[in-house]
Amino acid sequence: MFENLQDRLGSILNGLTGRGALSEADVSAALREVRRALLEADVALDVVRSFTDRVREKAVGAEILKSIKPGQMVVKIVHDELIEMLGGEGVGIDLNAPAPVVVMMVGLQGSGKTTTSAKIANRLTSRDRKKVLMASLDTRRPAAQEQLRQLGVQTGIDTLPVIAGQSPTDIAARAVQAAKLGGHDVVILDTAGRTHIDEPLMVEMADIKKKSNPHEILLVADSLTGQDAVNLARNFDERVGITGLVLTRMDGDGRGGAALSMRAVTGKPIKLIGVGEKMGELEEFHPRRIADRILGMGDIVSLVEKAAENIDAEKAAAMAAKMAKGKFDLNDLADQLGQMQKMGGMGGIMGMMPGMAGMKDKMAAAGLNDKLFGRQLAIISSMTKAERANPDLLKHSRKKRIAAGSGTDASDINKLLKMHRQMADMMKMMGGKGKGGMMKQLMGGLAGKMGLGGGMGGMPDLSNMDPKQLEALQKQAEAAGLGRPGGLPGLGGGGGLPGLGGAKLPGLGGGFPGLPGLPKGGKK
């Protein structure tokens, strides 16, 4: 969503940080470019004006610390103001009310209300251990009530039985009553939408609100609609009083202006963002983390949280034990690739790693993308158990059979086997050198650069940290030069991608999926 804006702001701010001293003219020229970049990203004009005025005021009168270059100080001010524009602190769904807590979903038709209702119910059930009842109040759209029922069946969440002929307000009252009788903690009301805002829609919303007395009224808006989404939020807030926003399709290729404008224009917090079609692809909106991503600083906290959700701890521990012995077969490679896909694919992971956002284009140009990994998984799936456990068995006739089964050719299989051999060799080097092993040296060097003490013992256990500790760790990484574009040492200049082949995220037990080095340089 924010890739274009990230590229523009990254190049502007990199131009500042490269200089020893800044004049007021330098700051003004940079802010002109920042203003243009934000307007191109479809951020509201009054929000852009306010943003650049605040940055200029602070940057011109900023007291420059001896240890920080003036350019870095401007980057910090832009970062802080970006966080402020996005809402400061993240705000989740408020469930502090007598049960059942009523959550009312409003918005236009086609914005994703029904799917988002099911995603929120799924999140509250799986993460917060709440008993949820979903009810569709959309009596106009054909099969809307059936759609919600089917989503309830998929996720194992209760839905209110449909009674033909009932009005939306009657359904709302029945849903609240059924939730009380059924011992539900939360009831989610999926209201009807229109293709545009009209008076009957608003009257209906007000009647439902009066009847059900919702604790939360969440406006679901499509982030690809740009400034229209901001006007939509303003209109709904004036008529029914929304308590928060949910932005859908944040994984799309829109310019991101709606997300940056809506909080500033409406004063209502963005509580959740939809990042995909699947039921689990809903994330809390954290302004600091989004600002970090926009400025290319990565998002280690979200990456660790995503890893904790998607990586099977027992499998990861077993994998770590095998890797310590220097063993790594094609079953292990398939597990690594599968974990990577669950965490959002290579692009998603690289976008969250400090200083690595710029590597995505180079990797795509080298043919290293998620489609490649899908083909590799297909090749491994077409092998027998014996072949996966012992790749040396793969001679010409076997390769021919596997290629026919996976829809690939012999060259694809040879590339996969070469990649596996490189990674297996790396596993042996990492696991077989005792105290001086490559992995320990790599982590020890990273720890020393971040001021966390030498050796593996100095690296903290990320899995046991709370988000505040993780954010403090990320700030240390940024201060050490790891949180800015190009900040990770040894990865610039089109070189290989060393150190990621099977490298582990400390404290998570399992490996980061092994990645082969990029072509043209880079020692493995």
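Things worth noting here:
- Point-charge dipole on Cβ atoms (K/R +1, D/E -1) for the stretch 108-254, about Cα centre, debye to 20: 520
- R32-D80 FRET efficiency (beta carbon distance; Förster radius 35 Å; 0.05 resolution): 0.95
- Carbon-plus-sulfur accessible fraction, the stretch 189-302 (probe radius 1.4 Å, protein heavy atoms only): 44%.
- Each peptide in 108-120, 32-44, 156-168 was scored by the mean count of other Cβ atoms within 10 Å over its residues; highest first, the order is 108-120, 32-44, 156-168.
- Here the label points at K371 and R194, each 7 Å from Cα along the C-beta direction, are separated by 4.3 nm in the simple model.
- Packing-based order for 266-273, 372-379, using average beta carbon neighbours within 10 Å, highest first: 266-273, 372-379
- Stretch gain in nm, segment D7-V203, where the contour uses 0.36 nm per residue and the Cα spacing is subtracted: 66.1 nm
- Residue-normalised accessible area of the stretch 258-297, given per residue in Å² at a 1.4 Å probe: 30
- Given R0 = 60 Å, the distance between the Cβ atoms of D170 and D53 translates into a calculated FRET efficiency of 0.75.
- Length released on extending from Q177 to N231, taking residue separation times 0.36 nm less the Cα-Cα span: 16.0 nm
- Taking all protein chains together, D7, D292 sort by accessible area into D7, D292, largest first [probe 1.4 Å].
- Between A410 and Q341, the FRET efficiency from the beta-carbon distance, with R0 = 30 Å, is close to 0.75.
- Simple spin-label estimate for Q422 and T17 in nanometres, 7 Å along Cα-Cβ: 2.8
- Under 5 Å between amide hydrogens, built in the peptide plane, is the criterion, and for L282 it picks out V275 among residues at least 5 positions away or on other chains.
- Residues whose placed amide H lies under 5 Å from that of V187, excluding near-sequence neighbours: V101, V102, V103, L133
- Reducing the stretch 158-178 and the stretch 189-256 to their Cα centroids gives an inter-centroid distance of 21 Å.
- Separation of the E281 and A97 label points, Cα + 7 Å toward Cβ, nm: 3.0
- The stretch 121-161, accessible surface, carbon-and-sulfur percent (1.4 angstrom probe): 46
The values are calculated or read from the model by the stated rules, or taken from the named source; none is laboratory data. All of these numbers come straight from a predicted model, not from anything done at the bench. Ideal geometry is used to build each Cβ from the backbone, glycine not excepted, and the neighbour counts take in all protein chains shown. Areas reflect the complete protein model, heavy atoms only, side chains present, ligands, DNA and RNA absent. Shrake-Rupley method; radii C 1.70, N 1.55, O 1.52, S 1.80 Å.
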